[in-house]
Amino acid sequence: MSSEVDTRTDDGSPAGEPAPTDQLWSANFRLYFGARTGSLLGDAMLPVALSVGVLDAGYGTSGVGYALGAWMAALALCMLFGGVLADRFTPRRMMVMADLVRLVIQGAMAVMFALGVPPLWGIVALQFLSGLATALFQPGVASLVPRVAKDVQRANGVLRMAESVAGVLGPALAGVLVSVSGPSTVFAIYAATYALSAACLFALRLATSVKAPAEESFRRQLVEGWQEFRSRTWLWAVISIFLVYGCFVAGVSLPVAADLVVADLGSTALGIGMAAFGAGGVLGGVVAIRARRGRPLAVGSAGWALFALYPIVPALNPNVYLLSLGWALAGGGLAFWSVIWATTVQTQIPAALLNRVYAYDVTGSLLSMALGRSIAGPLASVTGQRPLMIVATLLGLLCSGLLLAVPAIRRLRAVPADGELAGAEQRS
């Protein structure tokens, strides 16, 4: 398994700054943080702007489903190809290109809504293209972190906290802007976040660039990524368990829990609960930064158990204070696991293969979540909403226990934070 190591930056210019450095907030990490926070804020605004715009255009909830589904379908279908392209052409190049494409697409959405009522087929087509561009962008998210920060776990914690804040502020900001000036303004701001992201990523100065061998065929590189994925028992075992967890715990509970809260406490309570979820995510990120444990996935299983509170709390017909407390704990658990998992994958997988392996990870997660959301309604109509949420919590706790029951997951040792062994190949 060969790789090409280039001592020039990704854009071909001489490397001007070694990366990563001991200090977290280096120039490279500040730029990467700016790129991620900008695009995360825009992504958090999209569902509100798209839903309101499509509903106001008269296409109903089915139209909203088609538009959001087109984005998700393109992302899930093309993620594996994005991983291969990122390994072949370097992730930074693919991410900048994807941001520029999404800048044009969301700018076109802004113009369409500003000019009047856009056709539904146009909205769906543009969102499909946006999902395709996101599939080219997303694989590089994992592999760039070890190249801009020496302390990968701390960097992931900071990024996860920013994601939690964006998840709260984005929908709130989009809601205000849509009510004041319409969806076109939100799409224009959304497009601008991609311009910011592209500019920050383009300005990165990375000392080394690891590429997959150019002479290998696209199919061969895709197969090689799958072989590396399945050769690590801890990796495919976690993803296999998450296929159940993502579908029947996270995927099912998100729409049903929201419906229960709105029916029992009103839409304002749902907003407060989601804000508490985001605040919990910030605290979970802080805790994850300090969780320097020898067996990260065993410790991270606690995050799955905490998130299992998310479905059961609304099923208990709580007041807004209990809802906020339960969802804050759930948000903290999700953030804690996300940091631990991202750090584990980024430090255990060789750099030349990370984008492809990560793409298999994300594809499995997306498909399980999408399936869960699609079957949530039919399941709730058969079992009832509250019993379904109780079952989701029990399954969540069971899956958390399964993480500890698999020896390859439980015994996996962390790579030292000094980065000396980062990217070392470890199989269980």
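Every read-out reported here was derived from the displayed coordinates using simple, explicitly stated rules and does not represent laboratory data. As the structure is a computational prediction, the values presented were derived from the model and not from experiment. Here the Cβ positions follow ideal geometry from the backbone for every residue, glycine too, while neighbour counts run over all protein chains shown.
Set the Förster distance to 45 Å, then compute FRET efficiency between ARG230 and LEU100 from the Cβ-Cβ distance, nearest 0.05.
Numbers: r = 34 Å, r/R0 = 0.77.
Efficiency, rounded to the nearest 0.05: 0.85.
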* Cβ-based charge dipole, the chain, positive-most Cα from ALA192, ALA57, SER324 -> SER324
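Would you please give the FRET efficiency between ARG290 and LEU404, computed as 1/(1 + (r/R0)^6) with r the Cβ-Cβ distance and R0 = 25 Å, to the nearest 0.05?
Numbers: r = 21 Å, r/R0 = 0.85.
So, using R0 = 25 Å, E works out to roughly 0.75.
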* **For ASP99, ASP259, order by how many other beta-carbon atoms lie within 10 Å, fewest first** => ASP259, ASP99
* To do: Hey, for a label at VAL244 modelled as a point 7 Å past Cα toward Cβ, could you say which residues of region 344-373 have their backbone N under 17 Å away?
  => 365, 368-369, 372
* For LEU77 and ASN319, what is the calculated FRET efficiency with R₀ set at 41 Å and r taken between the beta-carbons, to the nearest 0.05? -> 0.45
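According to the square roots a ≥ b ≥ c of the eigenvalues of the Cα gyration tensor, what is the shape class of region 61-190, taking rounded for a/c under 1.5, prolate for a/b larger than b/c otherwise, and oblate for the remainder? Show your work: numbers first, answer last.
Numbers: a/c = 2.28, a/b = 1.46, b/c = 1.57.
Note, shape of region 61-190 comes out oblate.
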* Excluding LEU379 itself, calculate the net charge of residues whose Cβ lies under 15 Å from the Cβ of LEU379, where each Lys or Arg counts +1 and each Asp or Glu counts -1. => +1
* Structure fact -> Of 404-410, 139-145, ordering from highest average Cβ density within 10 Å down gives 139-145, 404-410
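Which of the peptides 111-117, 349-355, 27-33 is most tightly packed, and how do the rest follow, judged by the mean count of other Cβ atoms within 10 Å per residue?
Details: 111-117: 14.6, 349-355: 23.6, 27-33: 20.1.
For the peptides 111-117, 349-355, 27-33, the packing ranking is 349-355, 27-33, 111-117.
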* To do: For region 151-167, just list the computed ³J(HN,Hα) in residue order, Karplus coefficients 6.51, -1.76 and 1.60, θ = phi - 60°, integers in Hz, with x standing in for Gly and Pro.
  => 8, 5, 5, 5, 4, 4, x, 5, 5, 5, 4, 5, 5, 5, 5, 5, x
* Asked: Assigning unit charges at the beta carbon (Lys, Arg +1; Asp, Glu -1) and nothing else, what dipole magnitude in debye, to the nearest 20, does region 217-428 show about its Cα centre?
  -> 520 debye
* Structure fact -> Taking the alpha-carbon centre of each part, the distance from region 349-375 to region 272-328 in Å is 22 Å
* Asked: Taking springs between alpha-carbon atoms closer than 10 angstrom, which of ARG232, ARG220, ARG88 fluctuates most in the Gaussian network model of the chain?
  -> ARG220
* What is region 222-296 by shape, rounded, prolate or oblate, if you read a ≥ b ≥ c off the alpha carbon gyration tensor as root eigenvalues and call it rounded for a/c under 1.5, prolate for a/b larger than b/c, and oblate otherwise? -> oblate
* Asked: Arranged by the count of other C-beta atoms within 10 angstrom, fewest first, what order do ASP264, ASP151 take?
  -> ASP264, ASP151
